[in-house]
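Novice: A single structure is presented below for examination.
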Amino acid sequence: MAATKEELDALQEYISRSNRIVFFGGAGVSTESGIPDFRSTDGLYHQEWDFTPEQILSGGFFAENPREFYRFYRAKLLVSGIKPNAAHYKLAELEQAGKLFAVITQNIDGLHQAAGSKNVLELHGSTLRNHCTHCGQFYDADYVRNNMDKRGIPRCSNPGCNGIIKPDVVLYGESLDDETVSRSIAALQSADLLIIGGTSLTVYPAAGFINAYRGDRLVLINRDKTQNDGIADLIIHDSIGKVLEKIKV
């Protein structure tokens, strides 16, 4: 489906009238940059693998089978050469104009920051940050991508350490970062417009955060219908990038 003129006009009016917008985004924001999501027909759940993504991307699996974890992680999540799309750039533009207060994202790719957004709250962490599980030494994504032992596991280069490096990503079974949670809830509680984009709101606990929103204008932009369409004051079923690029700041 494509957004109608009436829907775009309504979204433009909402944004023009708002000065403390919060954007809550999911995988659909990044798929337009070429990053596959988990649940669409061409997503990771529909590609053959020895284990399900939920099994592989769990804290227990990482601890017990880091070799298989990293084989999947490098192939499917540690993407390179990916650039921000129209949605990322428009959100950064809205922030620079003093309209957008925060981006709350379930994505782990760092594309919002690459587009210029400053106040980005990453609920599920980031592939761009990594640390040694033994000594805590920080490593970037390039190190994890290009350095590994004979089993395909990246290890710490500090003398005498050799600890396994772990991405700063919240794996299944792990808790969200307390500070990020607190800042996200505070942002939602103070927002005068909440735009939810590129998510079906099925991943918890993150999806439950939107209940903290106290405003009376909630916009839902998603390519497909969701079971949460009924909570929105304005629903647009279209590409998040195509919709946001038509908004004037």
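Novice: Could you tell me whether the stretch 164-176 includes any residue that is open to solvent by 60 Å² or more (accessible area, probe 1.4 Å), touching a Phe, Trp or Tyr at 6+ places or on another chain (Cβ under 9 Å) and free of Cβ contacts under 8 Å to residues at least 24 places away in the same chain?
Specialist: no
Novice: Turning to a different aspect of this structure: Need pairs with beta-carbon distance below 6 Å; first residue open to solvent by less than 50 Å² (accessible area, probe 1.4 Å) and within the stretch 126-146, second of a type in the set (D, E, K, R); sequence gap 6+ or separate chains.
Specialist: As it stands, the answer is SER126/ASP168, since those pairs meet every condition given.
Novice: What are the residues in the stretch 210-225 that are in contact with a His (Cβ under 9 Å, 6 or more places away or on another chain), in a loop (DSSP other than H, G, I, E, B) and buried (at least 17 other Cβ atoms within 10 Å of the Cβ), if any?
Specialist: ASN222, ARG223
Novice: Would you pick out the residues in the stretch 14-34 that are more than 19 Å from THR226 (Cα to Cα), in a helix (DSSP H, G or I) and of a type in the set (Gly, Ala, Ser)? Give the derivation first.
Specialist: Residues of the stretch 14-34 that are more than 19 Å from THR226 (Cα to Cα), as a first pass: 14-22, 33-34.
Of the ones still in play, those that are also in a helix (DSSP H, G or I) are 14-16.
Residue satisfying the conditions is SER16 alone.
Novice: Hey, another quick one. Considering only residues that are in contact with an Asp or Glu (Cβ under 8 Å, 6 or more places away or on another chain) and of a type in the set (S, T, N, Q), which ones fall in the stretch 124-179?
Specialist: Passing the criteria: SER126, THR127, ASN130.
Novice: Same structure again: What about ALA207, is it open to solvent by less than 30 Å² (accessible area, probe 1.4 Å), at pLDDT 95 or above and in a helix (DSSP H, G or I)?
Specialist: So ALA207 fails the test.
Novice: Taking the condition open to solvent by 20 Å² or more (accessible area, probe 1.4 Å), among the hydrophobic types (A, V, I, L, M, F, W, C) and under 16 Å from GLY241 (Cβ atoms), does ALA92 pass?
Specialist: Working: open to solvent by 20 Å² or more (accessible area, probe 1.4 Å): no; among the hydrophobic types (A, V, I, L, M, F, W, C): yes; under 16 Å from GLY241 (Cβ atoms): yes.
It is false that ALA92 is open to solvent by 20 Å² or more (accessible area, probe 1.4 Å), among the hydrophobic types (A, V, I, L, M, F, W, C) and under 16 Å from GLY241 (Cβ atoms).
The values are calculated or read from the model by the stated rules, or taken from the named source; none is laboratory data. Everything numeric here is computed off the predicted structure, so don't read it as measured data. Don't worry about glycine lacking a Cβ; one is built from the backbone with ideal geometry, like all the others, and counts go over all protein chains shown. Please note that ligands, DNA and RNA were not included when accessible areas were found on the heavy atoms of the full protein model with its side chains. Shrake-Rupley method; radii C 1.70, N 1.55, O 1.52, S 1.80 Å.
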